[in-house]
Amino acid sequence: MHRGSRPWDRRNFLRAGLIGTTGLALADSVEMPFEFGSRPLVKYPQKRPLIRLTTRPPQLETPFEVFNESLLTPNDAFFVRYHLGGSPPPASVLDPKTFRLAVAGTVGKELSLSLEELRNGFENVEVVAVNQCSGNSRGYFQPRIPGGQSGHGAMGCARWRGVRLADVLKAASPAAGSRQVLFDGLDRPLVPTIPDFVKSLELDEALDSGGLLAWEMNGEALPWLNGYPLRLVLPGHYGTYWIKHLHSVRLVDAEFKGFWMNPAYRIPDDPCAHVEPGMTPKRTVPIRRFNVRSFLTSLSSEARLRSGDETLLRGIAFDGGAGIREVLVSTDDGRSWSGAALGRDLGRFAFREWTLAWKPSMAGATAVKVRAVNRLGESQPMEPLWNPAGYMRNVVERTPLVVL
Amino acid sequence: MSPSRRPKSSPNVAVAWLAAFSVGMAVVALAAVGPVAVPEEPPRNPHVADAWTLPAGEPVFPADEEAMPLRRHCQLCHSSDYISTQPRLSRKAWEANVEKMRSKYGAPIPTNAVPAIVEYLVKNHGTP
């Protein structure tokens, strides 16, 4: 998809903007709607100015209006999230001519693959998939939770291209008794006592995940800050597994117990991954797949509309890979709901566009709410759920508006 | 593997990639379910690592007595915006976070520096 190639909402968005606030980032900073929410907009290599949450290691957030530009998030606006003080790796260690992916551990055949060997030795495949940070929207949790205080911009949808993780694992002939696969990239600590960023998957899961070892994003090489030259793409799974600058895939015959699998990145072991605010879960499990989320993207909070003017509400919905079945929209703050039209299906892991024409008839304050349902019948709660790490927010979001 | 530490590659790589790409890009069917097979071709844009430098400057903790333990022990691994963007937390929560950094995360913070770090956090980002 090309930016601006769709008539849908450009006009509508601009018009709304003319008579109200749009949240358009014209200034050099933005104010997130929570305490200590002031963020500079900063330009990084291969990126347009993005919302900087932290400087070292860098965490950059996509300005929300980008999600109304196109279903595929442009590479120069895609969010960035590193964990460790030595990140991002300097260009000098990312030479595409000498970069190698090692596949080792409990395998019959160890591999050391150049980018060219990966590209030429395995079938090349593409998938359109959302990547979302586990802590996307953490800033909105109440009570507040320490951690990266993201708004809704730590997510994005891209067309990824690479080879199947399963094909590469099979080429290494996993030994009988292999249990897990460990992924290591160049998100590295400065101090040797601090644990390297390593993530694990069960071997069966890794073989069935639909995962890619990807070098390309939206038709271009991965940007530096999104994992150049190779990253793991794990459709439907939280970004914590999408290891950037991936250089090592290691099979092991035991359960990996590294910091970044335990105690980090864990959720309460119950179907909704939540506890009462302030409580500690009895049992936790590693975070895995996205729950269902949906957003209004064509209007921002406190936008002003004119009574009697028709507007095309537009937004996005996604889930962990079942695919979106239905999007319901309320223009009266949740009293009544209408089914929105779903846009082109870019695959079950992609953002799904929704639209709904609306002609406000009553002046006054109102709010738009959006609620998606996936093909398994899973949906979003009307009231927010809480967990101690501030992961997986998926409450029905509410956008207050004013009709003049 | 150990990634190369050689200085960045020659522009020839870029030229080769561009040339190969200009042979033409295949039209790719959209993935309805999962990954789909596509013809092999090299990535489209060249390696432009020469321009890959981070913007200069980073937020630091104040140069006063109170913040000195954070300048000394926290700023080694992260910029001060890791703290300035945090919500207000209780003393107990700040103590737990510093302890997590130390014991689980492995941050080299000496035990005798912990009270002063917690004091600073409570004073600047503590719940009233």
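Read-outs: derived from the displayed coordinates by stated rules, not from any lab. This is a predicted model, so every value here is computed, not measured. Every residue, glycine as well, gets a Cβ built from its backbone with ideal geometry; the counts of neighbours run over all protein chains shown.
Quick rundown of the values:
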| item | result |
| --- | --- |
| Dimensionless Rg/Rh of the range A:145-185 - Kirkwood Rh, Rg from C-alpha atoms | 1.18 |
| Net charge, residue A:144 excluded, C-beta distance under 14 Å - Lys, Arg +1, Asp, Glu -1 | +2 |
| The range A:267-306 - charge dipole about Cα centre, Lys and Arg +1 at Cβ, Asp and Glu -1, debye rounded to 20 | 200 debye |
| Sequence-distant lysines (8 or more away, or on other chains) whose Cα lies within less than 19 Å of residue A:369 | A:359 |
| Candidate aspartates and glutamates - alpha carbon under 20 Å from residue A:43, same-chain residues fewer than 8 apart omitted | A:28, A:31, A:61, A:65, A:69, A:76, A:220, B:50, B:58, B:81 |
| Distance (nanometres) between label positions extended 7 Å along Cα→Cβ at residue B:63 and residue B:100 | 3.3 nm |
| Full-extension gain in nm, residue A:365 to residue A:205, via 0.36 nm per residue minus C-alpha separation | 52.8 nm |
| Gain upon complete extension [residue A:109, residue A:345; 0.36 nm per residue less C-alpha separation] | 81.0 nm |
| Environment charge at residue A:130 (Cβ cut-off 12 Å; Lys +1, Arg +1, Asp -1, Glu -1) | +4 |
| Over chain A: helical MRE at 222 nm, DSSP H runs n ≥ 4 each giving -39500 (n - 2.57), nearest 500 | -2000 deg cm²/dmol |
| Calculated over the protein assembly as shown: convex hull of Cα atoms, volume per residue (Å³) | 155 Å³ |
| FRET efficiency, 1/(1 + (r/R0)^6) with R0 35 Å, evaluated for residue A:383 and residue A:357 via beta carbons | 0.75 |
| Cross-link partners of residue A:109 among lysines (Cα-Cα below 18 Å; sequence separation of 8 or more within a chain) | A:170 |
| Distance (nanometres) between label positions extended 7 Å along Cα→Cβ at residue B:91 and residue A:253 | 5.3 nm |
| Radius 15 Å from Cβ of residue A:166, net charge of other residues (Lys, Arg +1; Asp, Glu -1) | -4 |
